[in-house]
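Encoded as structure tokens, the structure appears first; notes follow it.
Only the coordinates and a few stated rules stand behind these numbers; no lab work does. What you see is a predicted model, and the numbers here were worked out from it, not measured in a lab. Cβ coordinates were reconstructed from backbone atoms using ideal geometry, including for glycine residues, and neighbour counts include every protein chain displayed.
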Amino acid sequence: MSEVLTLSSDLPTLTAEINAYKRVAGEAIFEIGRRLKHVKENDLVHGQWERWCREEIGFEPSEARKFVRVVEQLGASNRCTYTEMGLRALYEIATLPPDGRIREHTLKSGAVKTVDEMTVRELREVKSALKAEREAREQAEARAEKAEGDYETVRETLDSVCTTYVDDGLYRIDNQTEVNGAALFFSDKVRDLVKEFSYLTSYCTELAKASDESRVEYCSALEALEEFVSSLRKSLEVVSADSVMIIDQTQYRGAC
């Protein structure tokens, strides 16, 4: 009780003192991590570090590894940015992809923040979103690679297939193998387009700052794309299985 009575009654002073201790606590995390890393790498033979953590400094090895991860990923150069954050928040930041630590993120709440402004809950939300985005991108790339492989297989077959040209510079494909090849070629190009511009879907903040001219361009391109998709869907709905497809010979590499 006597210790409480010695504290200042001035709120600004107490606020400054709390922030100063927060900085000290944040700096301590980096200093502890540096020493844990040094001991692990230099002072003890393999297998003793975990026992030393438990018996000598009262740390569970899993907790000690978080300190080490913070130092390894954030390093001394960034410590001034993060010195007022606790270990849990620092560990969440340290386990984010490097590019995810340096840009703003739009949270589910609609708030836009950098990682040093977030709570542990918000950091975990961002980490989950980035993981889902990475997995979706990897799946799209895997599908694109498969489509490319399928297309190349069909293209090799098409090289040996004679094609009938028509007067308007297009050529007519009525062989089932050719039809399948055209579909794979189209799918491949669409996946390339999606992969190239998929980042735009997560750039809400940046797009909100776009000029009127840029927004008009985006909207015009989207309208053209939507019209094309709608027309193609209608064609697929009415065309019969044995119908003939027409494609531009300059765009289709499988022609002989």
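Label-to-label distance, LEU130 versus THR95, with points set 7 angstrom from Cα along the beta-carbon direction: 1.2 nm.
Couplings 3J(HN,Hα) for the stretch 180-196, derived from phi with the Karplus relation 6.51 cos²θ - 1.76 cosθ + 1.60 (θ = phi - 60°), are 5, x, 4, 5, 5, 4, 4, 4, 4, 5, 5, 5, 4, 4, 4, 5, 5 Hz, where x marks Gly and Pro.
Straight-line reach from LYS113: taking Cα to Cα under 17 Å and skipping same-chain neighbours fewer than 8 places apart, the lysines in range are LYS127, LYS209.
Potential lengthening of the chain between LEU107 and GLU72 amounts to 9.9 nm, from the contour at 0.36 nm per residue minus the alpha-carbon distance.
Stretched out straight at 0.36 nm per residue, the stretch from VAL190 to GLU237 would grow longer than its current Cα-Cα span by 15.0 nm.
Annotation: lysines with alpha-carbon distance below 28 angstrom to LYS189 (same-chain offsets under eight excluded): LYS131, LYS146, LYS234.
I'd like the trypsin sites (Lys or Arg not before Pro) in the stretch 95-127 restricted to DSSP loop residues with at most 12 other Cβ atoms within 10 Å, sorted by number. If you can, show how the numbers build up before the last one.
Details: sites: ARG101, ARG103, LYS108, LYS113, ARG121, ARG124, LYS127; in loops: ARG103, LYS108.
Counting only loop positions with at most 12 other Cβ atoms within 10 Å, the trypsin sites (Lys or Arg not before Pro) in the stretch 95-127 are ARG103, LYS108.
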